[in-house]
Structures are given as structure tokens and as C-alpha cells.
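Beneath this line is the structure, given in C-alpha cells, with notes to follow.
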Amino acid sequence: MRLCQETDRLSFATGVLVLADGTSFKGEGFGAVGTVAGEVCFNTSMTGYQEILTDPSYAGQIITFTCPHIGNVGVNPEDVENISPASSTAARGAIMRAHVSTPSNYRAQMELPAWMKRRGIIGLAGIDTRALTIRIREHGMPHGVIAHSPSGEFDIEKLQAHAAAWTGLEGVDLAKDVTTLKPYKVDETTWQWGKGYGTFEGTDAPHLVVIDFGVKKNILRLLVTEHCRVTVVPAKTTYTEIIALAPDGVVLSNGPGDPAATGEYAVPVIRQLIDHKIPTLGICLGHQMLALAAGAQTKKMPQGHHGANHPVKDHTTGKVEIVSMNHGFTVDEKTLPDDVIQTHTSLFDGTNSGIALKDAPAFSVQHHPEASPGPQDSYYLFQRFVELVTENRR
């Protein structure tokens, strides 16, 4: 047994990341104590670490933050994006360069390490995140194990074997693990400075059903802010059950895992929505679900897109917007059928970022128009969808 014990700002390392190839990064462990495997990615956002760590789309992943200072504004109950506090419904681990400092922000109600411990997220600070990010850029997102032990003792060979044995995200349906267990209604609007979240209760407003593959709260808030009644349903809700709710439109939410695996039960439902001309909007995983239902294919990306500074072109307007992205799979634009229009593309690598169906009132985007964190350039997509719903409602 080979033990890892290395000098840090403490007398020894209390945290470690071990990759499947045996590469290890040692530093200060914090948050939850334990060991967990996941896919190691990097996120380039400068703000919003709490929203990122609670985004269900990160289920099964360990996030490396390229921004060196994480935790300096603390955490609060308002900036949580997932419904459940269970660690399995969001990121498994967080890696950062600088050690977490005492928060300095009037909204902070708890320090990041204590909050991560409560939510079961393992943290690792004080490592060379530039070296790790470069490795991911050059070789793709590796399988890894992040571990935190106050004793500072780690069996590196055992951790490497654990990372090598982890099966990864390809072929895995994670939406079933993060979705709501029962339908619920939403009336909360977006946050405003000095006011917090508001409410909207329109009795004759358009009714939208959101299929929850791992939905972020801010998607729901923006739909309500556009004066819609919103009902969220589990990922495996049938077409008959959806129609029984009398929706004016359906939203396919974001979520984690392999879209092809989730599509085994979701695609048949979406095809029925398309066939019956139900206005449909897809976001992130929901975008991939719509593409699969239309006859396209998806594929795994080497490093994915994770951050809030991604340039995307909307071909319907010619506008270039800066967007928030978080996905490790993408729609293969070469497989798009003739009745599908490519509406958006990434200006980083040319990958598909949006589609629209020619013969049905349905469109989708790969990026996150709700941001949280990120710029608000894409908020117009919610307005565009509500306009489509309203037109079809008449």
C-alpha cells in the first residue's frame, strides 16, 4: 500500500484528486469527508459557484474552477438551483486554486466549506488548477476520484483503481436520479435587488408543463416571469399524463447524463408532442432530446462546454450573444434531417447550439438562456417561446 502524505499550508495534505492514469493532485480537503468518483471537467465562470455546484446537469461530475478565488462571497439559500439538497443530484466535488477565505458579502449566510459538508460535496483547494485544466483541454475529461481525509492518509493505488473502474457517463441515464418524484406547480418569479423573489398567479395565463430531466430553478422562474402558469412533472411522465394537464406548451429541461440513454423513454413522448403540434422548447439536455426525437444523433465531447463566456450565433437574427453553457454531449449537426433547421452555433468550435423544426412549433438551444450564473443575452428565448405558445393558443 502506497500512502500519500505531502506538505501543504497544513502540515500534510488532507485532500487529493487521483485520475485513472495515476496522475494525482494533492492539497487541502474540505467540505464533506470521504471518497467519490466522477468525470473531471473545468468551468470558466468568474461568478456563481453556488449555482454551478447545485446545477443538476453536473451530476456525476467533479468541477475544476478556473477562477482562482472560490468561496469568498459565501453561500445563501437564494442561490441554489436544484430542488433537492442530496449530493447525488448535483456536482460530486469541487476543485479550486486558492484556499477558501472567510466570506465578505452582505448576502452570505454560511461559509462554503460548511455548506458543502452539509450537502455532501467534497472540496479540494491549493492545487495547480491551470495544469489540470490544460490536461483536460489536451486529453479530454478524465475519470477521477476526489478524496478528503483529515488524517492525511490516502492509498493512491486504491484510489487510482477506483477511478479506472468507474464506468463514466456514456450510456448512463442520470435524469431519473435527479428528477422530481411528483408533479408540482411553480409561481416564483426572478430575483430583484432589494426585493428577492416575487410571485405570479395568473388564472388565465398560458399553462406550460416542464418535463424535469434535472431542471434549474431559474428556468422555472423566467417562465413564470413571462406570465405563465407552470407545472413541473417527472422525467418519465407519459404523453397521456401530460395532455391530461391541458398544457399550452411543453418545456424539455436541462439535465445530466447521456441523452441517448434518457431518450429511450423520453424520445417517444417528445415525438408524440411533435406529431400533435404541441409548442415545445428544449434546453440543454432537452435540446438533445428534441434533436433525437427529430431523427438526429448525439455524441460525447472531449472536454465539453462549461462556463458563462461562450459566444453563440443566432442565425435567425444574425446576433452573436455570450451565453452560459454546461454540457458534455452535443448534437451531431451532420445527422440533422432536412426538416430540421440549425438556428444556433458555437463560435468556439462550430458545434450545434440550436435547432428548429420546420413542420412543428418546436425549437431548442444547447446553451442555458436562464444563465444563473451568466449573462442575460438569451433571455429573449423565453419571450420567443411564450409568443409561439400564445399564437398557437388562439
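Values for this structure:
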| read-out | value |
| --- | --- |
| Vicinal HN-Hα couplings computed from phi for segment 242-257 (Karplus, 6.51 cos²θ - 1.76 cosθ + 1.60; Hz; Gly/Pro x) | 5, 5, 4, 7, 6, x, 8, x, 10, 10, 9, 7, 5, x, x, x |
| Local electrostatic count, THR317, Cβ distance below 13 Å [Lys/Arg +1, Asp/Glu -1] | 0 |
| Ranked SER324, SER101, criterion: other C-beta atoms within 10 Å, fewest first | SER101, SER324 |
| TYR380/LYS158 FRET efficiency (R0 56 Å; Cβ-Cβ; nearest 0.05) | 0.65 |
| Segment 303-362-segment 99-138 distance, computed between alpha-carbon centres (Å) | 30 |
| Rounded if a/c under 1.5, otherwise prolate or oblate - segment 175-393, Cα gyration tensor axes | rounded |
| Dipole magnitude of the chain, debye to nearest 20 (Cβ charges: Lys/Arg +1, Asp/Glu -1, about Cα centre) | 380 |
| Summed side-chain charge close to GLU39 - residues other than GLU39 whose Cβ falls under 13 Å, Lys, Arg +1, Asp, Glu -1 | 0 |
| For THR343, distant residues with modelled amide H under 5 Å away | GLY354, ILE355, ALA356 |
| Paramagnetic reach from ASP21 (point 7 Å along Cα→Cβ, amide N under 16 Å) across segment 303-318 | 303 |
| Restraint check, LYS26/LYS299; LYS195/LYS319; LYS216/LYS319; LYS195/LYS216, Cα-Cα greater than 23 Å | LYS26/LYS299; LYS195/LYS319; LYS216/LYS319 |
| Hydrodynamic radius by Kirkwood, which averages 1/r over all alpha carbon pairs of segment 11-73, in angstrom | 13.2 |
| Contour minus Cα-Cα distance for LYS334 and THR240 (0.36 nm per residue) | 30.6 nm |
| ARG137, ARG384 arranged by Cβ crowding within 10 Å, fewest neighbours leading | ARG137, ARG384 |
| Selection from VAL230, GLY196, THR351 lying farthest towards where the dipole of the chain points positive, charges on Cβ | GLY196 |
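We did not get these values from a lab; they are worked out from the coordinates using the rules stated. Just so it is clear, the model here is predicted, and its values are computed rather than measured. Using ideal geometry, Cβ is built from the backbone for each residue, glycine included, and neighbour counts are taken over all protein chains shown.
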